[in-house]
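**Q** One structure is given below, represented as structure tokens, and several questions about it will come after.
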Amino acid sequence: MSVRHLVNFADLSADEIRGLIARATELKQRRAKGDKPRIFEHKVLVMIFEKSSTRTRVSFETAMLEGGGGAVFLSPRDSQLGRGEPVEDTARVLSEMCDAIMVRTFAHDTVERLAAHARVPVINGLTDRSHPCQLLADMQTFFEHRGDIAGRKVAWVGDGNNMCNTYIEAAATLGFELAVAVPPGFEPALLSPQASANPRITLCRDPQEAVRGADLVVTDVWVSMGQEQEAQRRREQLAAYQVDAALMAKAAPGALFMHCLPAHRGEEVASEVLDAPGSVVWDEAGNRLHAQKALLEFLFKHVG
Ligand code: CP
Ligand code: NVA
């Protein structure tokens, strides 16, 4: 039996991503008219959360419910995962009972191990390395506001974290230019400071240089989940990387602003940017629901 997973954004081809975005937008438009097709009847998604979540949990659970299926929430605190049952055995057991598994965890290899041993689709709901579901929603949001992102310029400003890594994957797949501005020591794992294999993905230190001509400016929290011990050092070293109105003014006219949320107003982003007309963060959050419906539908179709 073959099965598709979403462990890395690169697991999807450019055509598949464009297809998912088109379907997500169609489902969104139908929902706005009160039409919620029952595309997940008799399907159950198990959601494993080793980290906190608002958007990811609510969007996946709502997607399953609206499609006529169900979702089961598991955390290490109240499941045998927290008492040492191996991930590999968990994957085999859940495959006997449910139709897909979504996992939010620390180590990326937890998702890889689940996928290697599951007979149902496994979805990465965020790891320390990446957040592919968020990128599907971000790309849907850009396409809806500005059309195809191929050939456009995106600036990443701040910490080279899991979201930044996923933008690097997306730039390679969808063909957009990506300028990453991070301080020394905050480089994304997927981009070497020495050289990028892709000349359209560049690393610099100056946020103003990165945003010049950018159609989209993106940032994320300076202290990701699991980095709480380093909070003070991170805030000090990233202080010059706040996205404020002055920085947005250096981007291309009409540039959009995105942030996966939750945002720390006054840290990585000034409130004036989050609340400005160019900010599409609420659409971006809402699109998690539609993009993941399209993703789940795609993955269920590819089990066989
Ligand atoms: N953006 C995002 O994944 O949000 P949550 O942590 O609330 O799920
Ligand atoms: N980089 C953040 C994203 C949260 C959705 C984190 O990992 O905490």
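**Q** Taking the Cα centre of the chain as the origin, how large is its charge dipole in debye, to the nearest 20, when only Lys and Arg (+1) and Asp and Glu (-1) carry charge on their Cβ atoms?
**A** Dipole of the chain, to the nearest 20 debye: 600 debye.
**Q** Take the alpha-carbon positions of the chain, form their convex hull, and give its projected area averaged over all directions (one quarter of the hull surface) in nm².
**A** 15.3
**Q** Can I ask one more? Which whole-number percentage describes the relative contact order of segment 215-304, with Cα contacts under 8 Å and a sequence gap of 6 or more?
**A** For segment 215-304, the relative contact order is 32 percent.
**Q** On C-alpha positions alone, give me the angle between the axis of helix 87-97 and the longest principal axis of the chain, in degrees, nearest 10.
**A** Its long axis makes an angle of about 50 degrees.
**Q** Still on this model: Let me test this: with uniform point scatterers at the alpha carbons of segment 145-226, what is the Debye-based log₁₀ I(q)/I(0) at q = 0.23 1/Å?
**A** Ignoring solvent entirely, the Cα scatterers give -1.10.
**Q** Carbon-plus-sulfur fraction of the accessible area of segment 175-304, 1.4 Å probe, in percent?
**A** Carbon and sulfur: 52 percent of the exposed surface of segment 175-304.
**Q** Please give the helix 132-146 orientation as an angle from the longest Cα principal axis of the chain, in degrees from 0 to 90, rounded to the nearest 10.
**A** Taking Cα atoms only, the helix is inclined about 60 degrees.
**Q** Counting only protein heavy atoms and using a 1.4 Å probe, what share of the accessible area of segment 1-87 belongs to carbon plus sulfur, as a whole percent?
**A** Ligands and nucleic acids excluded, carbon and sulfur reach 49 percent.
**Q** Also, quick follow-up: Mind checking which of Leu81, Val93, Met139 is farthest towards the positive end of segment 1-139's charge dipole, using Cβ charges of +1 (Lys, Arg) and -1 (Asp, Glu) about the Cα centre?
**A** Checked the options; the winner is Met139.
**Q** Hey, can you find the accessible area per residue of the chain for me, probe 1.4 Å, expressed in square angstrom?
**A** Here the residues of the chain average 41 Å² of exposed surface.
**Q** Report, to one decimal in Å, the Kirkwood hydrodynamic radius for segment 216-270 based on all distinct Cα pairs.
**A** Here the Kirkwood hydrodynamic radius works out to 12.0 Å.
**Q** Sticking with this one: What's the center-to-center distance, using Cα atoms, between segment 166-207 and segment 113-133 in Å?
**A** 23
**Q** Here's something else I'd like to know. Would you list the P(r) distribution for segment 132-279, with all Cα-Cα distances sorted into 5 Å bins from 0 and each bin expressed as a whole %?
**A** 2, 10, 22, 25, 23, 13, 5, 1, 0
**Q** Once you treat every alpha carbon in segment 111-166 as an equal point and sum by Debye, what is log10 I(q)/I(0) at q = 0.15, 0.28 Å⁻¹?
**A** -0.58, -1.13
**Q** Kindly sort Lys301, Lys250, Lys153, Lys33 by accessible area of their heavy atoms, largest first, with the probe set to 1.4 Å.
**A** Solvent-accessible surface, decreasing: Lys33, Lys301, Lys250, Lys153.
**Q** If I model segment 229-304 as equal point scatterers sitting on the Cα atoms and use the Debye formula, what is log10 I(q)/I(0) at q = 0.15, 0.17, 0.25 Å⁻¹?
**A** -0.66, -0.76, -1.12
**Q** Another one. In a GNM of the chain with a 10 Å cut-off on Cα contacts, which of Ala239, Ala179, Ala100 has the highest mean-square fluctuation?
**A** Ala239
**Q** Which residue, Arg113, Arg83, Arg234, has the most motion in a Gaussian network model of the chain that connects Cα atoms within less than 10 Å?
**A** Of Arg113, Arg83, Arg234, the most mobile in the Gaussian network model is Arg83.
**Q** Of all beta bridges DSSP finds with both residues in the chain, what is the antiparallel percent, to the nearest 5?
**A** 0
**Q** Which far-off residues, 5 or more places away or on another chain, put their amide H under 5 Å from the one on Val180, with H placed in the peptide plane?
**A** Those qualifying (amide H under 5 Å, at least 5 residues apart or on another chain) are Trp156, Thr202, Leu203, Cys204.
**Q** Counting only the backbone N, which residues of segment 259-301 are under 20 Å from the spot 7 Å out from the Cα of Glu26 toward its beta-carbon?
**A** Hits in segment 259-301 for Glu26 at 20 Å: 287-301.
**Q** Now, a different point. Rounded to the nearest 10 Å², what accessible area does Asp15 have for a 1.4 Å probe in the complete protein model?
**A** Solvent-accessible area, nearest 10 Å²: 130 Å².
**Q** What area, in nm² and to one decimal, does the C-alpha convex hull of segment 1-146 cast on average over all directions?
**A** If I average the Cα hull's projected area over directions, I get 9.1 nm².
**Q** Most mobile of Glu268, Glu177, Glu236 per a Gaussian network model of the chain (Cα springs, under 10 Å)?
**A** Maximum among the listed residues: Glu236.
The values are calculated or read from the model by the stated rules, or taken from the named source; none is laboratory data. Note that the coordinates shown come from a computational prediction; the quantities given were computed from them, not determined experimentally. Positions of Cβ are generated from backbone atoms using ideal geometry, with glycine treated the same way; all protein chains shown enter the neighbour counts. To get the accessible areas, we keep the full protein, side chains included, count just its heavy atoms, and leave off ligands, DNA and RNA. Shrake-Rupley method; radii C 1.70, N 1.55, O 1.52, S 1.80 Å.
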